[in-house]
Amino acid sequence: QVQLVESGGGLVQAGGSLSLSCAASDPTFRVGDMGWFRQAPGKEREFVVAISWTGDNTYYADSVKGRFTISRDNAKNTVTLQMNSLKPEDTGVYYCGARLGTDYYRVSSYGYWGQGTQVTVSS
């Protein structure tokens, strides 16, 4: 079964930056429409950002607009999330997913998930 692997999480102070990457464990699996979600302790997984297969379309949660940027390199089969001006409320486990359904903002639209990477923003 194809797995997605996230990397790049860590601990950063408020106002700092982190870059997360997501790649498929099987290089023959072509990642299509992709998304990043996050989950804080005691909360449900929430939508952060999504990108289409071509990269032409991107969608951001209001809470991260202007601070986060998603990009992809189809030659390397990877998706990157650049996070700037981080806030303590950005803390959580970040998951990348491969979207199979229609609604980019729904967890249920994603058929494959990574194991998650922890992002902690201290105040």
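The values are calculated or read from the model by the stated rules, or taken from the named source; none is laboratory data. Quick caveat: nothing in here was measured; it's all calculated off a predicted structure. Quick note on the areas: whole protein, heavy atoms, side chains included, nothing else; ligands and nucleic acids left out. Shrake-Rupley method; radii C 1.70, N 1.55, O 1.52, S 1.80 Å.
Couple of notes before you dig in:
- Set the Cα radius of gyration of region 1-72 against 2.2 N^0.38 Å, with N its number of residues, and you get 1.20.
- Eligible aspartates and glutamates near LYS87 by straight Cα distance, threshold 20 Å, same-chain separation 8 or greater: GLU44, GLU46, ASP62
- Cross-link reach list, aspartates and glutamates versus LYS43, counting only Cα pairs under 17 Å and skipping chain neighbours closer than eight places: GLU89, ASP90
- Computed Kirkwood radius, in angstrom, where 1/r is averaged over Cα pairs of region 43-123: 13.5 Å
- With every protein chain in place, the chain: carbon and sulfur % of accessible area (1.4 Å): 46 percent
- Å² per residue, accessible surface of the chain at 1.4 Å: 51 Å²
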